[in-house]
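The values are calculated or read from the model by the stated rules, or taken from the named source; none is laboratory data. Since this is a predicted model, take the numbers as computed values, not measurements. Because the Cβ atoms are built from the backbone with ideal geometry, glycine has one as well, and the counts that use them run over all protein chains shown. Surface areas here come from the heavy atoms of the whole protein model, side chains and all, with no ligands, DNA or RNA. Shrake-Rupley method; radii C 1.70, N 1.55, O 1.52, S 1.80 Å.
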Amino acid sequence: MIEFGDLQADLPSYKNSGALVVDNVLPLAKGYKSLAGFQALSGTGLSNAAVGLFTSFSASGSTNYAGDRSKLYQMNSSLVFVDKSKAGGYSNSTTENARDFWAFTQFGSNIIATNFADNIQKFDEGTDSAFSDLVALKAKYIAVIRDFVVVGYTDESGVAYNQRVKWSGLNNSSTWTPSQATQSGFQDIVGSHGNIQAIVGGESAGVIFMEKAIYRMEYVGTPLIFQFVKIADNIGAFAPKSVASYGNMVFFLAQDGFYKLTGGQQLTPIGNGKVDNFFFDDLSSNLDGITSAIDPNNSIVVWSYRGSGATGTTNNKLLIYNYAVDKWSTGSGQDLEFIASASQEAFTTLESLDVLGDLDNLPKSLDSYFYKEGIVGLAGFNSENKFGKFIANSLSATVDTTEFEGADGKRSTLINCRPIVDGTSNTSVTVTPITRQSQLDTTTTGAATSTNDTGTCPLRSTSRYHRIRVNVTGNFNTLSGVDIEARPEGGR
């Protein structure tokens, strides 16, 4: 059997230990499984394109919040995002090239949001009916580190401080005047590091991403309060919303590709020789369009972006990394404005299941926790500004084998192919030969052949170099590889 290997789009096709095309699937330790499609869940969309999404947790459960360029919203139990903006709404100025972004965090019962154009906002769950100014301070990025609310890239009295990190008082998110008594303060990380791009919070320390440096922010108490230790020089976050964290891992896009930061100190390139060149070649928009999210249900981090074929501001591509097995895949045909990790309401009635479409083609059983209330997973907003999650029918998958010779040193004819796909009665599989006579030739794509009653695909494809493309529609459990039957031919 020729196994489907890791996506290694940056390597040569011939005897590639992986594959050049691995689309609309999720990586497994061996092979791939189906990728669920995006399903809009809210009946009405936000007033404008979404530029922020956050899930809070309390004793009463989880709640989603969102933001667009002029409003902040709270989702109710009917999956409707209700306007919770302060009186007058918010500014329409841009903070990330062509986009405004809201950054959120939770501090106790307070949901805190910031967009740099307006004063930092707060919403006390269970008490407030609308957001209001937390403090007369503006900032782009926000997180909670230890017992402090921390912001970065601030605007103070009309003066922008692009390398400033500022923190609240100890256990007091409303106190921001520097003081040894409250432990509130700030630090300017001066140098040729560029702008602050993101802040990742933590129980004992946080991480500050700049354009060309990464710092760990450690609590040391008075008089310094925090110390800043450089983790990396000349490596930073190339796109602010490319930074996503889970546990002690942080994933991000740097100028030379994708990285993983573990434990606030160990930096590992994860896209080198696999997808880095592919991604930058495919990227067809400004970096501000890139957003990212973690899906712990599948041990993946996902980047959404505008790739080849994209129109307008809609992201049409996904780049998917399984951090548990160190494997990549892609997603195509998307219609997304923003992605993040978020929760959902439960599907508790037959009527609520209607939105999911063909129930026989769902990637998981309806008994799965996957569809229960409060489950955090991959979510986002589509071009209609509607909230949804990746819980719909499985997307049509495409995976290629490596390029191989059917007979060593000779032309060969592929006469039969058996795709190894563990599917259901709903699963449809086709096989397409892709060939070329010489490594200097462009490839020729043959006709797709469906599997017959025995699960095989008869072929008559003669050439020197071969690839097999397997397309799967409908739900499937695993997609492992192909068995090939080849007949040697002459040298011409």
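Values as computed for the structure displayed
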{"quantity": "Subset of segment 36-57 (residues that are out of contact with any Lys or Arg (no Cβ under 9 Å at 6 or more places or on another chain) and open to solvent by 10 Å² or more (accessible area, probe 1.4 Å))", "calculated": "LEU53, PHE54, THR55, PHE57"}
{"quantity": "Flag if TYR153 is under 23 Å from ASN248 (Cα atoms), hydroxyl-bearing (Ser, Thr, Tyr) and touching a residue at least 24 places away in the same chain (Cβ under 8 Å)", "calculated": "no"}
{"quantity": "Test: residue in segment 146-166 that is open to solvent by less than 20 Å² (accessible area, probe 1.4 Å), in a loop (DSSP other than H, G, I, E, B), out of contact with any Leu (no Cβ under 8 Å at 6 or more places or on another chain) and farther than 26 Å from ALA293 by Cβ", "calculated": "no"}
{"quantity": "Among the residues listed as SER62, SER42, SER17, SER56, the single one being over 29 Å from PHE278 (Cβ atoms), in a loop (DSSP other than H, G, I, E, B) and either among the small types (Gly, Ala, Ser) or touching a residue at least 60 places away in the same chain (Cβ under 8 Å) (or both)", "calculated": "SER42"}
{"quantity": "Test: residue in segment 68-77 that is in contact (Cβ under 8 Å) with a residue 24 or more places away in the chain, more than 27 Å from SER242 (Cβ to Cβ), out of contact with any Phe, Trp or Tyr (no Cβ under 8 Å at 6 or more places or on another chain) and not aliphatic (A, V, I, L, M)", "calculated": "yes"}
{"quantity": "Those residues of segment 410-447 which are under 20 Å from ASN475 (Cβ atoms), touching a strand residue (DSSP E or B) at 6+ places or on another chain (Cβ under 6 Å) and exposed (fewer than 14 other Cβ atoms within 10 Å of the Cβ), in sequence order", "calculated": "ASP422"}
{"quantity": "Any strands (runs of 3 or more DSSP E) falling wholly within segment 381-465 and containing at least 2 residues that are of a type in the set (A, V, I, L, M)", "calculated": "397-400, 412-423, 428-436"}
{"quantity": "Enumeration of residues in segment 109-134 that are in a loop (DSSP other than H, G, I, E, B), out of contact with any Ser or Thr (no Cβ under 8 Å at 6 or more places or on another chain) and among the hydroxyl-bearing types (Ser, Thr, Tyr)", "calculated": "SER129"}
{"quantity": "Residues located in segment 314-326, provided they are open to solvent by 20 Å² or more (accessible area, probe 1.4 Å) and within 16 Å of MET249 (Cα to Cα)", "calculated": "TYR323, ALA324, VAL325, ASP326"}
{"quantity": "Which listed residue is modelled with pLDDT under 95, open to solvent by less than 40 Å² (accessible area, probe 1.4 Å) and of a type outside the set (Val, Ile, Thr), from GLY221, GLY185", "calculated": "GLY221"}
